[in-house]
1. Please list 148-155, 44-51 highest first by mean number of surrounding beta-carbon atoms within 10 Å per residue.
2. For the chain, what is the mean residue ellipticity at 222 nm derived from helices alone (per DSSP H run of n ≥ 4: -39500 (n - 2.57); sum divided by total residues; nearest 500 deg cm²/dmol)?
3. Restricting things to Cα coordinates, could you compute the convex hull volume per residue of the stretch 6-66 in Å³?
4. Using alpha-carbon pairs under 8 Å, 6+ residues apart, how would you state the relative contact order of the chain in percent?
5. Where nothing but the Cβ of Lys and Arg (+1) and of Asp and Glu (-1) is charged, how large is the charge dipole of the chain around its Cα centre, in debye to the nearest 20?
6. What does the convex hull of the alpha-carbon atoms of the chain project to on average, in nm²?
7. Collect residues whose amide H, placed 1.01 Å from N in the peptide plane, falls under 5 Å from the amide H of residue 125; neighbours closer than 5 in sequence don't count.
8. Hey, what does the equivalent ellipsoid look like for the stretch 144-195, semi-axes from the Cα gyration tensor as sqrt of 5 times each eigenvalue, largest first, whole Å?
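Please treat every number below as a calculation from the coordinates, not as lab data. Here the structure is a predicted model, which means the values were calculated and not measured. Using ideal geometry, Cβ is built from the backbone for each residue, glycine included, and neighbour counts are taken over all protein chains shown.
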Amino acid sequence: MPSLVVHLAAGCLLAVLLLDDDFTPRAAAVVLAATALPDLDSVVGLALPNAHRAALHTALLPVLLGFLLAYDLRIRDRSVLRARFGPTAGRVAAVALLALAAAGIGLDLVTNGVNLLYPLYDRFYTLDGHLLLSNTRGVVQTFVQPPPADAAVSTTANTHYSTAVDPTYPGVEPDEPVERVAPVVASGWQLWLVVLGYAAFARALLAARASRSA
């Protein structure tokens, strides 16, 4: 599964690409904090069994925050965000919301899955498959297809994602000390994303600092 290091690398790219002229260390920190937010449910899992990839990985979280953001920026006579944090606050908040959904939750959705509609509906979903063009079969995709009739349903009652904070399945007593593993990168594409994301972020930080001192 993607580590926090990988999630933040994706958040770095979104901050650099979408903040554009509004990129500042403070604005970037807001985007990265939003990216990291979903993984806090690994701590929630200590009190609520198997809450990781469910409590804060639900799509309902960015949807709810999106409605609140739209209300503040589009419907209210005077935006609280802009009044408190300045004219760029709306854009920063929008990029942070996208980072939460795409870099925070989305990467996990395509890697081992998330409980997408929790707590309204308790089931883990994974977006995985392939898309190809064949001279004999035409367009072939496996992302959207009905699951096998005998496929097991993963819920918080039977699914546990091991983390350094909560490595063991609830109720299971290990015979020996439990190894706590904090992953950094788990594949070549993750390493490449980390290199690109942090390199772009470092360059943007240097450029922002140079523009302020000019």
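1. 44-51, 148-155
2. Using -39500 (n - 2.57) per qualifying helix, the result is -12500 deg cm²/dmol.
3. Expressed per residue, the convex hull around the Cα atoms of the stretch 6-66 is 94 Å³.
4. Details: 293 pairs, mean separation 66.3, N = 214.
In percent, rounded to a whole number, it is 31.
5. Details: 14 positive and 16 negative charges, 239 e Å.
Approximately 1140 debye in magnitude.
6. With every direction weighted equally, the projected area is 17.3 nm².
7. 114, 115, 116
8. Working through the eigenvalues yields semi-axes of 26, 25, 8 Å.
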